[in-house]
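Chemist: To start, I am sharing the structure in question, which I have written as structure tokens.
The values are calculated or read from the model by the stated rules, or taken from the named source; none is laboratory data. Please read these numbers as outputs of a predicted model, since none were measured by experiment. Quick reminder, even Gly has a Cβ in these numbers, built from the backbone with ideal geometry, and neighbours come from all protein chains shown. These accessible areas exclude ligands, DNA and RNA; they are computed on the full protein's heavy atoms, side chains included. Shrake-Rupley method; radii C 1.70, N 1.55, O 1.52, S 1.80 Å.
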Amino acid sequence: MSIKHGLLALLRTEAKYGYQLRGEFEAATGATWPLNIGQVYTTLTRLERDGLVAAAPGEGDGDGRSMYEITDAGRAELTNWFETPVTRESRPRDELAIKLALALAVPGVNVTAVVHRQRTSTMQALQELTRLKRQSADGEISWRLVLESMIFAAEAEIRWLDHCEAMLSRHQKSQPPKAGTPKQQNTTPGVRR
């Protein structure tokens, strides 16, 4: 999630303080991506520098905090963001895929155990997300969308882990045993039982 675009979206209708933006961002995402106030103000400073937001004229709270409003350039940026599909290339690296690839490359790592631990962890997360979904009110549509995205992602990760385990098993069975080792011993580099 782009904090920059999230703040622009929240400023679309009216000027707001940084603390208001943080609270509304967390409410809209169900606190899935909690922001610290430093992130909010750092992002607002960059947005102001880039001409996408401006301090609201004549508005302040007496404690030195400014209200921010979106500029025309900010509205154009926000419109472009909403109209541009998110591509796979723009998403962050998948730490789990990298972790499994490296586990296969490093001798002595039990890759099957890494997959099992990850599946257990993801299953627990999926159960918690499902519980949260059952408890959420029907009117909380923005939170439900985020929550269901996380549920779908967890389900997909479990399917992918099942696929990884099947690939590892097929690979292990296809490897000829080294001389002097029993056939059932794992000879895949980086994989041991």
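Chemist: Out of Glu140, Glu77, Glu59, Glu128, I need the residue that is at pLDDT 80 or above and open to solvent by 60 Å² or more (accessible area, probe 1.4 Å). Which one?
Modeler: Details: Glu140 fails: at pLDDT 80 or above; Glu77 fails: open to solvent by 60 Å² or more (accessible area, probe 1.4 Å); Glu59 fails: at pLDDT 80 or above.
Answer to the selection: Glu128.
Chemist: Under 7 Å between Cβ atoms, at least 6 apart or on separate chains: pull out the pairs that start in the range 32-50 with a residue that is in contact (Cβ under 8 Å) with a residue 12 or more places away in the chain and end on any residue that is part of a loop (DSSP other than H, G, I, E, B).
Modeler: Note: pairs meeting the criteria are Trp33/Met1.
Chemist: On the given criteria, is Gly64 small (Gly, Ala, Ser), surrounded by 13 or more Cβ atoms within 10 Å (Cβ to Cβ), modelled with pLDDT under 95 and in a loop (DSSP other than H, G, I, E, B)? Reasoning before the result, please.
Modeler: On the way: small (Gly, Ala, Ser): yes; surrounded by 13 or more Cβ atoms within 10 Å (Cβ to Cβ): no; modelled with pLDDT under 95: yes; in a loop (DSSP other than H, G, I, E, B): yes.
Taking the combined requirement at face value, the residue does not satisfy it.
Chemist: Cβ-Cβ distance below 6 Å, separation of 6 or more or different chains: which pairs start in the range 102-115 with a residue that is of a type in the set (Gly, Ala, Ser) and end on one that is open to solvent by less than 40 Å² (accessible area, probe 1.4 Å) and part of a helix (DSSP H, G or I)?
Modeler: Sorted first by the residue in the range 102-115, then by its partner, the pairs are Ala103/Val111; Ala103/Val114.
Chemist: Sticking with this structure for a sec: Any idea which of Arg134, Arg192, Arg159, Arg170 is at pLDDT 95 or above and surrounded by fewer than 16 Cβ atoms within 10 Å (Cβ to Cβ)? I'd like the intermediate steps shown before the answer.
Modeler: On the way: Arg134 fails: at pLDDT 95 or above; Arg192 fails: at pLDDT 95 or above; Arg170 fails: at pLDDT 95 or above.
Answer to the selection: Arg159.
Chemist: Do you know which residues across the range 1-18 are closer than 16 Å to Leu47 by Cβ and either touching a strand residue (DSSP E or B) at 6+ places or on another chain (Cβ under 7 Å) or of a type in the set (Ser, Thr, Tyr) (or both)?
Modeler: Ser2, Leu8, Leu10, Leu11, Arg12, Ala15, Lys16, Tyr17
Chemist: Here are Val109, Val146, Val114: which of them is in a loop (DSSP other than H, G, I, E, B) and of a type outside the set (Ser, Thr, Tyr)?
Modeler: Working: Val146 fails: in a loop (DSSP other than H, G, I, E, B); Val114 fails: in a loop (DSSP other than H, G, I, E, B).
On inspection, the qualifying residue turns out to be Val109.
Chemist: Within the range 25-52, track down each residue that is open to solvent by 50 Å² or more (accessible area, probe 1.4 Å) and either acidic (Asp, Glu) or over 14 Å from the mean Cα position of the chain (by Cα) (or both).
Modeler: Ala27, Asn36, Gln39, Tyr41, Thr42, Thr45, Arg46, Glu48, Arg49, Asp50
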